[in-house]
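Structure record follows, encoded as structure tokens.
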Amino acid sequence: MFSCAKLSDNADFVDVLLSLEGEEKLEEDDMIAVLWSDIQNKLQEELELVLGSKRSVRDSDVGNLPYLQAVVKEALRVHPPGLLLSWARLSTSDMELSKGMVVPANTTAMMNMWAITHDSKVWEEAFKFKPERFAESMGGTNMDLWGNDLRLAPFGAGRKVCPGKNLGLVTVSLWVAKLVHHFNWLPNKENPIDLTEVLKLSSEIKYPLSAVALPRNLLLSS
Ligand code: HEM
């Protein structure tokens, strides 16, 4: 049994963790570890369902792994690497926007994708890492991220859209799938996870990520 504050009927797993009180109250790095292992288990279950435990994941499998795609989408939403897209654009003519707003010619404009992907008017629980928001089987929406829906455009949109977007997305998805299929990832107690970002040419993690990787076959045979 655990003690927690009173929760509403639609409270989810994260709300339960946040509401724990007294001795059960979790520190932030323990909270990350619990959530991490929950999402990791779901990914491993999906990989085993689609691939079995005998073969490794290939790039052609990515399309058959909807939860993996949802996890990568959510990572690109919460941590968009190119958060200012091409940094700056120059309007070549007067541009009329909605509600009578006009961007005059020769204006340097910057698009803040980070602000859009963290806007609570656009996203429910915008600061929570919730891959299920993109997984149709979990009640989510399989959103397009190619620039057709500007709520989530981590590769930009329009004429300057990223030309490497397909390669980028499938490579990231494949790496995540391989890393999670072959290893169990645990936090490193001596070097707790800190997801603070720093803006360089693109947005990067400020402190190197340190984690413990346990080969899964080793765990299975022990
Ligand atoms: C997850 C991986 C990647 C992300 C999130 C990403 C994101 C972006 C973003 C946001 C832009 C600016 C788009 C705009 O302003 O509308 C961009 C531009 C660009 N990206 Fe990527 N990119 C990724 C991978 C790649 C790869 C793999 C390549 C090449 C193989 C690539 C090549 C480029 C180039 C050349 C541009 C400049 C396009 C131009 O200015 O016309 N990107 N990328």
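The values are calculated or read from the model by the stated rules, or taken from the named source; none is laboratory data. Note that the structure is a prediction, hence the values are computed from the model and not measured. A quick note on method: Cβ atoms are made from the backbone with ideal geometry, for glycine too, and the neighbour counts reach across all protein chains shown. The protein model used for the area step is the full one, side chains on, heavy atoms only, and it has no ligands, DNA or RNA in it. Shrake-Rupley method; radii C 1.70, N 1.55, O 1.52, S 1.80 Å.
At a Förster radius of 41 Å, what calculated FRET efficiency corresponds to the Cβ-Cβ distance of T171 and E125, to the nearest 0.05? Step by step, r from the Cβ atoms, then E = 0.90.
Its DSSP H runs of at least 4 residues, each contributing -39,500 (n - 2.57), put the calculated 222 nm mean residue ellipticity of the chain at -10000 deg cm²/dmol, to the nearest 500.
The Cα center of segment 134-149 and the Cα center of segment 170-216 differ in position by 24 Å.
So, for segment 72-222, what is the accessible surface per residue at a probe of 1.4 Å, expressed in square angstrom?
Working: 9770 Å² over 151 residues.
Computed with neighbouring chains in place, this is 65 Å² per residue.
Listed by chain and number, the lysines placed with their C-alpha closer than 17 angstrom to that of K130 are K42, K73, K121; residues fewer than eight positions away on the same chain are left out. Straight-distance candidates among the aspartates and glutamates for linking to K206, with alpha-carbon spacing under 16 Å and chain neighbours fewer than 8 residues away dropped: D194, E197. Here is what passes the span test in the chain: the DSSP H helices with alpha carbon length of 24 Å or more along the helix axis and a Kyte-Doolittle mean of 0.5 or above are 165-182.
Sequence-distant contacts, meaning Cα pairs under 8 Å at least 6 residues apart, place the relative contact order of segment 13-221 at 20 percent.
How much net charge surrounds M143 when only the other residues with a Cβ under 11 Å from the Cβ of M143 are counted, with Lys and Arg +1 and Asp and Glu -1? Walk me through the intermediate numbers first.
Details: positive: K73, R77, R133, R151; negative: E74, E136, D144, D149.
Net local charge, M143 excluded: 0.
Where the accessible area of the chain is counted over protein heavy atoms with a 1.4 Å probe, how much of it, in %, is carbon and sulfur? Here carbon and sulfur together make up 58 percent of the probe-accessible area.
Sorted by average packing, counted as other Cβ atoms within 10 angstrom per residue and highest first, what order do 103-109, 172-178, 35-41 take? Let's see the in-between values first.
Working: 103-109: 10.9, 172-178: 17.9, 35-41: 15.4.
Descending mean neighbour count gives 172-178, 35-41, 103-109.
Positive-end ranking of G158, I116, P208 along the dipole of the chain, with charges on Cβ about the Cα centre, is headed by G158.
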